[in-house]
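*Asks:* Quick one: structure below, then a few questions.
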Amino acid sequence: MKFNPQCVGEKHTLALALSDGYLSLLSLDLSNPAGTVWGSEERLLINDPSTICLSVDWSNQLHPNSTPLLAVSLSNGEVALCSMTNSGLQLQSKWFGHTLPYTTVPAEVWITSFDPSNDQLLFSGGDDGLLKQWDSRALSASNAPVSTTAGFEAGVTSLCWNKLDAEYLTVGSYDGHVRIFDRRQMKRAVSDFDVENNAGIWRIKYKHNASFYLGERETEKQQKETKNEFLVAAMRAGFCVMDYDENRQISAKVRYLEQGTESLAYGVDYINKKGC
């Protein structure tokens with residue numbers, strides 16, 4: 001699930017990638033003092049109901065857009081691009097992106113993300129251990145990726161941008177590594193951190209990407225001190241607070257849950273509060 005980074009007044013829109021092949025949009029109205037009010041649901045079938053929608057992303061992460069695009073990744077190896085129109089959600093394009101190595105068997109596309117500086121470019125990470133970049137303007141001609149990044153020892157499971165350092169893409173893999181790539185040169189990572197403890201990186205969230213605040217927003221000084229801080233859900237290795245320096249070298253700050261519990265760490269997010 002991801003909220004639209006933009007809201008209209010007190011109205012927010014939540015996108016959901018569902019396990020029955022649907023993309024769903026739900027509106028949320030926070031203006032009612034008696035409580036939040038959910039609006040009606042809009043649904044779009046991306047594929048047949050036996051196909052799972054695994055992730056969803058909005059194109060307006062950095063730049064406002066009243067009609068943003070949505071990208072959806074699927075369990076059948078496909079990536080879909082959807083648009084919001086006056087008549088509702090529409091499937092704009094869909095293409096086959098990932099297969100298991102040396103086969104024609106579809107690989108789950110665990111994650112997809114737009115380039116925050118260009119909504120025509122998006123990335124996808126699959127169970128084939130590949131990170132691919134796509135240009136939606138060229139899909140009808142070749143369906144070939146702009147670039148393919150290998151070197152992962154397992155599936156690519158998480159993609160995240162730090163909006164305060166948006167030239168760099170942070171990538172999580174089932175191999176337990178968090179890597180940072182310069183989006184202008186995707187051949188190799190500029191930083192590679194092994195979380196260890198049999199980790200499998202499932203979600204990465206940057207502190208200052210959070211769009212929901214309780215109380216006053218941080219001061220400029222507070223924001224500068226934590227501008228590269230992010231949370232990691234590392235499955236078997238628990239939850240971690242991480243950071244990187246001016247050379248984009250990653251370090252671990254806090255580990256909330258050590259290895260050894262029966263639970264798997266799958267999701268993380270921030271709610272920024274005054275003074276935090």
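*Asks:* Among residues belonging to the stretch 160-182 that are open to solvent by less than 10 Å² (accessible area, probe 1.4 Å) and not β-branched (V, I, T), point out the one that is nearest to N76 (Cα to Cα).
*Replies:* Among them, the one singled out is S173.
*Asks:* Here's a follow-up. Given the structure, is W95 open to solvent by 70 Å² or more (accessible area, probe 1.4 Å), assigned to a strand (DSSP E or B) and not acidic (D, E)?
*Replies:* no
*Asks:* Hey, can you tell me all the residues within the stretch 26-76 that are hydroxyl-bearing (S, T, Y) and buried (at least 16 other Cβ atoms within 10 Å of the Cβ)?
*Replies:* S27, T51, S55, S59, S73, S75, listed by residue number.
*Asks:* Okay, moving on. Quick test for you: out of L62, L14, pick the one residue that is closer than 20 Å to S158 by Cβ, assigned to a loop (DSSP other than H, G, I, E, B) and out of contact with any helix residue (DSSP H, G or I) (no Cβ under 7 Å at 6 or more places or on another chain).
*Replies:* One residue alone meets the criteria, L62.
*Asks:* May I ask you to list the residues in the stretch 48-58 that are assigned to a loop (DSSP other than H, G, I, E, B) and either under 11 Å from the mean Cα position of the chain (by Cα) or aliphatic (A, V, I, L, M) (or both)?
*Replies:* Passing the criteria: only I52.
*Asks:* Further, regarding this structure: So which residues in the stretch 126-158 are assigned to a strand (DSSP E or B) and open to solvent by 10 Å² or more (accessible area, probe 1.4 Å)?
*Replies:* Once the filter is applied, which keeps residues that are assigned to a strand (DSSP E or B) and open to solvent by 10 Å² or more (accessible area, probe 1.4 Å), the stretch 126-158 yields K132, Q133, D135, S147, T148.
*Asks:* List the residue pairs whose Cβ atoms are under 8 Å apart, where the first residue sits in the stretch 27-56 and is closer than 16 Å to V109 by Cβ, the second is buried (at least 16 other Cβ atoms within 10 Å of the Cβ) and aromatic (F, W, Y), and the two are 6 or more positions apart or on different chains.
*Replies:* Note: pairs meeting the criteria are I46/Y22; C53/Y22; L54/W110; S55/W110.
*Asks:* Is it the case that D20 is in contact with a Leu (Cβ under 9 Å, 6 or more places away or on another chain) and open to solvent by less than 30 Å² (accessible area, probe 1.4 Å)?
*Replies:* no
The values are calculated or read from the model by the stated rules, or taken from the named source; none is laboratory data. This structure is a prediction, so every number in the text was calculated from the model and none was measured. No Cβ is skipped: glycine too gets one built from the backbone with ideal geometry, and neighbour counts run over all protein chains shown. Surface accessibility is based on the protein's heavy atoms, side chains included, excluding ligands, DNA and RNA. Shrake-Rupley method; radii C 1.70, N 1.55, O 1.52, S 1.80 Å.
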